[in-house]
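Participant: Encoded as structure tokens, here's the structure I'll be asking about.
The values are calculated or read from the model by the stated rules, or taken from the named source; none is laboratory data. All values derive from a computational prediction rather than experimental measurement. Because the Cβ atoms are built from the backbone with ideal geometry, glycine has one as well, and the counts that use them run over all protein chains shown.
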Amino acid sequence: MSSFSDFGLLPSILDALAIEGYATPTPIQSQALPFVLAGRDLCGIAQTGTGKTAAFALPILHRLSGRTGAPPRGACRVLVLSPTRELASQIADSFRRYGGRLPLSTAVVFGGVPLGAQQRRLASGVDILVATPGRLLDLIDRRALVLSSVEILVLDEADRMLDLGFIHALRRIVKLLPRRRQTLLFSATMPSAIAALAEDYLDDPVKVSVTPAATTVERVEQRVIFVASERKHDLLAVLLRDPNFERVLVFTRTKHGADRVVRHLVGAGIEAAAIHGNKSQPQRERALAGFRSGGDRVLVATDIAARGIDVDGVSHVINFDLPNVPEDYVHRIGRTARAGAGGTAIAFCSDEERPFLRGIEKLTRVAVPAIPMPAGVPPGMSQGVAQARDGASDRRSATRPQRSAPRNPHRNAGANPPAGHGGGPARHPTQHPKPPSGNPDRHTATTEPSSLPAFLRRAPSPSPSGKSAPPETRQARRAFATR
């Protein structure tokens, strides 16, 4: 079908689509709409950003428009389950936009906000309820909601819900639903767990797959930069100073890693915000709103928010940390090249992450081209220098005196050295490791001191005498040798 009007949708829905600028249905919409309108159970497999929300929202709104009377109190007619708060909020917004001229009510419930307002909203009943599984069960346990009137169940981003450990919550929720219902399952991938879920929950379903599982978005230009872990922050700052990076989504593996990236960027004069599970709901909403409006050019996120960030105009996706699950890479880069636009995805790959890159290339069957390190990134440490620095830090921690110990650092100079340090005398805390042998220019910074990484700027200057240790340290060593 080449037009939404070909499906027989209500004129009010077609008018809403025209206002939104939607003229031609996407492949998932073209294939799913007829079956959902006919009341069939459906399993839809499609990449992120291909229009799955409209594929189930439009036919649901059309079908509900024929219902008469208000929904029962404390109940809903349609239940849409989503893995994340952001995605739940966006799905509810889509229902409101597409059905703005219909006398249908929509509510959204998720964690991170007080339960009281959500309970009051459900007291009179709603036609369409969008929820995350955990908060839905909270409301059920408080007897603020019953599911006996659900006519249509939608499991959106089902694979992500399983990844986040919602399988037990899903099983409990499904047991509370009427057996006679329409069930729609949408997923970006089709692993065996999703196939089993579809077999258990769907009745004689139609399977619609518009793209092979885990295929990357074709319009995304992918690149990889091989970089040491300790140079990633500086590399990111250099890239983001390029005005071509108009709206950038940066992915990290951990919540604390996302916060560290934001702190480093803000310190470098680049406005950025973070969104992850440790942030409160108002903080997450402000960060997403700032990114969507252009107030913040950079948004740093973890994978838990990857499926819920639906923002047009993302020019670049940067994988600051490569994911250890190859499918997550596909979901991440799908945040760009949306609505027919192009986009660029850049991955930072350290030596430890090379196996992750090989897994991604094996899954997507695409070799990601490597590009050189851009000019302006401060030189990092060699592996030998990094290990020496870390070893010195460990020695300082191991030899730090307890509260009851004397503060004189030389009083116990002849004591046995800590285990695991080669059996020799402990280095003085101010002694610096010798640079590795070889070409001395290889590890010599050519930039101004202000542009060096922080750990180099903090390093004290070597002794003017050129000797490897200050006199007091040599005295301590001689004392140890004569004992």
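Participant: Can you work out which of the residues in region 20-60 that are in contact (Cβ under 8 Å) with a residue 60 or more places away in the chain and aliphatic (A, V, I, L, M) is surrounded by the most Cβ atoms within 10 Å (Cβ to Cβ)?
Facilitator: In this case the residue turns out to be Ala32.
Participant: Of these, Arg73, Arg96, Arg121, Arg77, which one is surrounded by fewer than 24 Cβ atoms within 10 Å (Cβ to Cβ) and part of a strand (DSSP E or B)?
Facilitator: So the residue among Arg73, Arg96, Arg121, Arg77 that is surrounded by fewer than 24 Cβ atoms within 10 Å (Cβ to Cβ) and part of a strand (DSSP E or B) is Arg77.
Participant: Would you mind finding the one in Gly340, Gly376, Gly384 that is of a type outside the set (A, V, I, L, M, F, W, C), over 19 Å from the mean Cα position of the chain (by Cα), at pLDDT 50 or above and surrounded by 11 or more Cβ atoms within 10 Å (Cβ to Cβ)?
Facilitator: Gly376 is the lone residue from the list that is of a type outside the set (A, V, I, L, M, F, W, C), over 19 Å from the mean Cα position of the chain (by Cα), at pLDDT 50 or above and surrounded by 11 or more Cβ atoms within 10 Å (Cβ to Cβ).
Participant: Moving to a separate point now. Based on this model, can you work out whether Ile275 counts as crowded, with 16+ Cβ neighbours inside 10 Å, at pLDDT below 95 and among the hydrophobic types (A, V, I, L, M, F, W, C)?
Facilitator: yes
Participant: Checking Gly313 against (1) under 17 Å from Ala188 (Cα atoms); (2) part of a loop (DSSP other than H, G, I, E, B), which test does it fail?
Facilitator: Evaluating Gly313 over (1) under 17 Å from Ala188 (Cα atoms); (2) part of a loop (DSSP other than H, G, I, E, B) leaves (1) as the failure.
Participant: Sticking with this one: Can you spot a residue in region 189-200 that is in the same structural domain as Glu86 (by TED's automatic domain parsing) and either among the hydroxyl-bearing types (Ser, Thr, Tyr) or at pLDDT 95 or above (or both)?
Facilitator: Looking through region 189-200, at least one residue is in the same structural domain as Glu86 (by TED's automatic domain parsing) and either among the hydroxyl-bearing types (Ser, Thr, Tyr) or at pLDDT 95 or above (or both).
Participant: Filter region 36-64 for residues that are modelled with pLDDT of 90 or more and part of a loop (DSSP other than H, G, I, E, B); which is nearest to Glu199 (Cα to Cα)?
Facilitator: For region 36-64, the residue satisfying everything is Asp41.
Participant: Another question about this same structure. Counting just the residues of region 84-93 that are modelled with pLDDT of 90 or more and either of a type in the set (A, V, I, L, M, F, W, C) or touching a Leu at 6+ places or on another chain (Cβ under 6 Å) (or both), which one comes out surrounded by the fewest Cβ atoms within 10 Å (Cβ to Cβ)?
Facilitator: Ala92
Participant: If the Cβ limit is 7 Å and pairs must be 6+ apart or interchain, which residue in region 143-154 that is farther than 13 Å from Pro133 by Cβ pairs with which residue that is outside any loop (DSSP other than H, G, I, E, B) and among the polar types (S, T, N, Q)?
Facilitator: Short answer, once both residue conditions are applied: Ala144/Gln119; Glu151/Gln182; Ile152/Gln182.
Participant: For region 163-204, how many residues are within 25 Å of the chain's Cα centre (by Cα), of a type in the set (S, T, N, Q) and either assigned to a loop (DSSP other than H, G, I, E, B) or surrounded by 13 or more Cβ atoms within 10 Å (Cβ to Cβ) (or both)?
Facilitator: Result for region 163-204: 2.
Participant: Looking at region 1-35, which of its residues are hydroxyl-bearing (Ser, Thr, Tyr) and not in a loop (DSSP other than H, G, I, E, B)?
Facilitator: Ser5, Ser12, Ser30
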